[in-house]
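Throughout, read-outs are computed from the coordinates displayed, never taken from laboratory work. Computed from a prediction, not measured in an experiment: that's the story for all the values here. Cβ: placed from backbone, ideal geometry, glycine included. Neighbour counts: every protein chain shown.
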Amino acid sequence: MTPAELLRRAAELVDRATPLVIVTLIETSGSTPQDAGAKMLVTAEGLDAGTVGGGRVEAKAIETALAMLRDNTSQQLADWSLKADVGMTCGGRVKLFFEALGVTTWPVVIFGAGHVTQALTRLLVALPCQVTCIDPRREWLTKLPPGVRAIETADPPAEVERLPDESFVLCMTRGHSSDLPVLRRIFEQDRTFPYLGVIGSQAKAAVLRKELTAVGIPAERISFYCPIGLPLGTNHPGEIAVSIAAQLLERRDGRAMSASDS
């Protein structure tokens, strides 16, 4: 892959709101498997494109990049002896620069890509958050604005275990029957998120709590916002989206103030 192709691929991943790390081999000395200037792209799935030498040095670089994505680290410089630090027989030395793109300390995950989600994501992409939308319907995911990471899956609840602990999670699927499995998976795995909300009425919330209790979830662990959003506006999808975005900001800033006071 040429440098231009690698940069085009990086731009494509950014447009898809896929967090990535660009790894650049900035300096070498002695015997090394690749020359300075080599680059590779790493996503949460592993090596996406390019190479910085293959073998153990590349494996260690990928491991470092994955840790950065998990920890929301923006930059890192590594200076490795290939023998002492990497375990290779050649006696060279490499310096690698790691730069993460698309990582954030405020991940927002939305289950469901319907009308309110379409309006909400257009607000959220202008804020300093990473928005992910999960839905089995490709035709709705393709309508999302640039900057939203779209996950098409026939099994949305299976994505729960992959969510970062700091996620603000919204259940806005086609209805009660598809919200419930997501909530059930969250509580069965004993996941605790800073914000968990379900679109709907107080009556829907009562039914969801009753059904979650019926499948064995302890009542004291069942906690979520429903209805969601601040009490303002009408039932127009755009106005609902504004009220939800405002509540997310209120919750985010409230947590930040609590942390600073402690």
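Given 37 °C and 0.692 mPa s, compute D for the chain with the Stokes-Einstein relation, Rh being the Kirkwood radius over Cα pairs; round to the nearest whole µm²/s. If you can, show how the numbers build up before the last one.
Working: Rh = 20.4 Å.
Result for D is 161 µm²/s.
Quick check of the Kirkwood formula: for segment 107-261, what is the inverse mean of 1/r over all pairs of different Cα atoms, in Å?
In segment 107-261 this quantity evaluates to 15.8 Å.
Classify segment 1-86: rounded, prolate or oblate, from the alpha-carbon gyration tensor (a ≥ b ≥ c, eigenvalue square roots; a/c under 1.5 rounded; otherwise prolate if a/b is larger than b/c)?
Numbers: a/c = 2.20, a/b = 1.40, b/c = 1.57.
Note, shape of segment 1-86 comes out oblate.
Using the Cα centre as the reference, give the magnitude of the dipole from point charges on the C-beta atoms of segment 107-261 (Lys, Arg: +1; Asp, Glu: -1; all else neutral), rounded to the nearest 20 debye.
That gives segment 107-261 a dipole magnitude of about 280 debye.
Mind checking which aspartates and glutamates have their Cα closer than 13 Å to the Cα of residue 210? Skip sequence neighbours fewer than 8 apart in that chain.
Within the straight-line cut-off, residue 210 pairs with 220.
State the three equivalent ellipsoid semi-axes of segment 172-250, derived from the C-alpha gyration tensor as the square roots of 5 times its eigenvalues, in descending order and whole Å.
Working through the eigenvalues yields semi-axes of 24, 14, 10 Å.
Among 43, 88, 123, flag the residue with its Cα farthest along the positive direction of the charge dipole of segment 40-136, charges on Cβ as +1 for Lys/Arg and -1 for Asp/Glu.
Going by the charge dipole, the pick is 88.
So if I place +1 on the C-beta of Lys and Arg and -1 on the C-beta of Asp and Glu, and nothing else carries charge, what would the dipole magnitude of segment 13-99 be about its Cα centre? I want it in debye, nearest 20.
Details: 8 positive and 11 negative charges, 41 e Å.
Computed about the Cα centre, the dipole is about 200 debye.
Under a straight-distance cross-link criterion of Cα-Cα below 23 Å, which lysines are reachable from residue 83, leaving out those fewer than 8 residues away in the same chain?
Correct list for residue 83: 39, 60, 95.
If you find the alpha carbon centre of segment 80-134 and of segment 192-247, how far apart are they in angstrom?
28
Determine the dipole magnitude for segment 126-169: charges of +1 sit on the beta-carbon of Lys and Arg, -1 on that of Asp and Glu, nothing else is charged, the reference point is the Cα centre, and the result goes in debye to the nearest 20.
Charge dipole of segment 126-169: 260 debye, to the nearest 20.
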